[in-house]
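Visitor: Can you keep this structure in mind? I'll have questions shortly.
The values are calculated or read from the model by the stated rules, or taken from the named source; none is laboratory data. Note that the coordinates shown come from a computational prediction; the quantities given were computed from them, not determined experimentally. Using ideal geometry, Cβ is built from the backbone for each residue, glycine included, and neighbour counts are taken over all protein chains shown.
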Amino acid sequence: MNMKMIDGGVTAAQGFIASGVHCGIRRNTSKNDLSLIVSEIPASAAAVYTTNLVKGAPLTVTKAHIADGKAQAVICNSGNANTCNADGIEIAEGMAALVSSALDIDSADVVVASTGVIGQPLSLEPIKAGMDELVAGLSVEGGHEAALGIMTTDTIPKEVAVEFTCGGKTCRIGGIAKGSGMIHPNMATMLVFITTDVAIAPEMLQKALSGDIQNTFNMISIDGDTSTNDMVTVLANGMAGNDEITAEGEDFTAFMQALNTVTVALCRMIAGDGEGATKLLECQVSGAASLDIAKTVAKSVICSSLLKAAMFGADANWGRVLCAIGYSGAPVDVNKIDVSFKSEKGEILVCKDGAGVAFSEEKAKEILLEKEIEILVALNDGDFSSTAWGCDLTYDYVKINGDYRT
């Protein structure tokens with residue numbers, strides 16, 4: 001399949017426009033806090049949501065709105081999660097109604113999302129006041145402003161898009177994401193909005209998304225906390241003109257590959273932008289007896305606070321990798337495990353058959369001082385593999401979260 005990375009993010013696909021403005025929810029007037037994504041025509045829609053029993057009102061509203069498999073717009077605010085509020089549902093429905101009125105579309109075709117502080121009342125007034133400017137700014141070039149509008153403690157906007165061939169047609173899929181802290185899937189404090197011009201039935205779109213997240217967004221961990229507002233949504237408007245994908249086959253596989261390229265790229269961006277983070281960590285587990293074992297081990301390693309702290313200090317403390325594997329609950333033969341650290345500066349073996357080997361501490365530190373670190377774990381017990389993403393644990397993480405609300 002021909003596939004290449006392209007510019008455009010959430011508006012790369014045909015028929016999508018977006019916008020982002022500051023409407024007054026956030027105190028910092030230089031930061032956008034309201035975003036809108038719109039498809040020219042109604043689109044197939046699919047979503048996955050946080051497993052936290054405490055869920056933001058927007059998730060409840062969105063789930064009801066896309067129960068028919070259709071949506072045409074996404075509105076998202078930052079600075080307030082609209083969670084644990086007595087009038088949360090009313091406010092979320094009110095956001096959809098404002099979009100409905102401004103765009104002359106059915107309010108039930110609006111996906112609603114919010115991110116920010118939990119338990120603080122959210123007023124519709126600033127959203128209503130900013131709606132004219134938000135709609136006026138809608139354009140193909142507006143995807144970047146939308147990406148800025150969904151950020152909270154993120155330090156960078158997260159955008160990606162790919163172009164590929166499906167059903168003989170040139171298709172595109174792109175997305176934006178926010179996510180920096182409270183990221184411990186399933187899923188993360190993370191919002192992801194993906195758009196595509198592929199024609200695909202809602203049930204197949206949901207199948208693709210639900211299958212993909214098991215090996216992408218559900219394999220990220222920043223800090224061990226599962227957010228209340230996590231959501232990944234995909235809108236597919238069919239404007240590429242391919243024959244609608246209604247079953248598994250070559251076209252569905254091509255779509256899945258493109259979707260996975262986008263989601264993996266966003267995963268890496270989210271993990272690398274963890275609160276206070278200085279490094280992206282990627283744990284690659286190979287040689288597992290089953291996929292479940294591979295995923296369990298990778299996730300346990302990437303979640304280890306001790307290992308994350310060691311990576312911050314560029315300390316090749318491989319014993320913390322073995323420790324995390326040991327308490328993961330995965331049935332592995334510890335005496336077969338090999339561990340290496342890798343970055344742009346090279347690769348170094350630090351553990352062989354479950355025991356330490358002689359290695360250069362100087363070389364190891366040089367490798368671990370890089371911005372992107374790979375932790376390679378070979379279980380040598382089978383043919384399955386898995387990858388998980390995270391970041392280092394720094395002093396700044398505590399500083400950021402010590403006064404996040406105030």
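Visitor: When region 67-81 is examined, which residues are found to be assigned to a loop (DSSP other than H, G, I, E, B) and within 20 Å of the chain's Cα centre (by Cα)?
Guide: ALA81
Visitor: How about region 194-211: which of its residues are among the aliphatic types (A, V, I, L, M) and in a helix (DSSP H, G or I)?
Guide: Correct list: MET204, LEU205, ALA208, LEU209.
Visitor: For region 278-346, please list each of the helices (runs of 4 or more DSSP H) lying entirely inside it that holds at least 1 residues being within 23 Å of the chain's Cα centre (by Cα) and surrounded by fewer than 24 Cβ atoms within 10 Å (Cβ to Cβ).
Guide: 291-303, 305-312
Visitor: Let me ask something additional. Quick one: LYS399 ticks every box in (1) under 24 Å from the mean Cα position of the chain (by Cα); (2) surrounded by 17 or more Cβ atoms within 10 Å (Cβ to Cβ); (3) not hydrophobic (A, V, I, L, M, F, W, C) bar one, so which box is it?
Guide: With (1) under 24 Å from the mean Cα position of the chain (by Cα); (2) surrounded by 17 or more Cβ atoms within 10 Å (Cβ to Cβ); (3) not hydrophobic (A, V, I, L, M, F, W, C) applied to LYS399, the lone miss is (2).
Visitor: Any residue in region 375-394 that is in contact with a Phe, Trp or Tyr (Cβ under 9 Å, 6 or more places away or on another chain), modelled with pLDDT of 95 or more and surrounded by 15 or more Cβ atoms within 10 Å (Cβ to Cβ)?
Guide: The answer is yes, given that some residue of region 375-394 is in contact with a Phe, Trp or Tyr (Cβ under 9 Å, 6 or more places away or on another chain), modelled with pLDDT of 95 or more and surrounded by 15 or more Cβ atoms within 10 Å (Cβ to Cβ).
Condition check ((1) assigned by TED's automatic domain parsing to the domain that holds PHE193; (2) under 25 Å from ARG172 (Cα atoms); (3) of a type in the set (Phe, Trp, Tyr); (4) assigned to a loop (DSSP other than H, G, I, E, B)) across all residues:
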site: THR29; (1), (2), (3), (4): yes, no, no, yes
site: GLU40; (1), (2), (3), (4): yes, yes, no, no
site: VAL48; (1), (2), (3), (4): yes, yes, no, no
site: PRO58; (1), (2), (3), (4): yes, no, no, no
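Visitor: Taking LYS399 as the residue in question, decide whether it is of a type outside the set (Gly, Ala, Ser) and in contact (Cβ under 8 Å) with a residue 60 or more places away in the chain.
Guide: Against the criterion (of a type outside the set (Gly, Ala, Ser) and in contact (Cβ under 8 Å) with a residue 60 or more places away in the chain), LYS399 qualifies.
Visitor: Let me ask another. Residues of region 125-138 being closer than 16 Å to MET95 by Cα and surrounded by 15 or more Cβ atoms within 10 Å (Cβ to Cβ), which ones?
Guide: PRO126, ILE127, LYS128, GLY130, MET131, LEU134, VAL135
Visitor: Taking the criterion of being surrounded by fewer than 24 Cβ atoms within 10 Å (Cβ to Cβ) and assigned to a strand (DSSP E or B), would at least one residue in region 85-97 satisfy it?
Guide: no
Visitor: While we're looking at this one, here's another question. Which numbered condition trips up LYS63, out of (1) crowded, with 22+ Cβ neighbours inside 10 Å; (2) part of a helix (DSSP H, G or I); (3) in contact with a Phe, Trp or Tyr (Cβ under 8 Å, 6 or more places away or on another chain)?
Guide: (1) is the only condition that LYS63 fails.
Visitor: Give the residue, chosen from GLY224, GLY211, that is surrounded by fewer than 24 Cβ atoms within 10 Å (Cβ to Cβ), modelled with pLDDT under 80 and within 28 Å of VAL285 (Cβ to Cβ).
Guide: GLY224
Visitor: Residue under question is GLU163, and the condition is that it be out of contact with any helix residue (DSSP H, G or I) (no Cβ under 8 Å at 6 or more places or on another chain), buried (at least 18 other Cβ atoms within 10 Å of the Cβ), part of a strand (DSSP E or B) and modelled with pLDDT of 95 or more; does it hold?
Guide: So GLU163 passes the test.
Visitor: Is it true that ASP132 is at negative phi and touching a Ser or Thr at 6+ places or on another chain (Cβ under 9 Å)?
Guide: So ASP132 fails the test.
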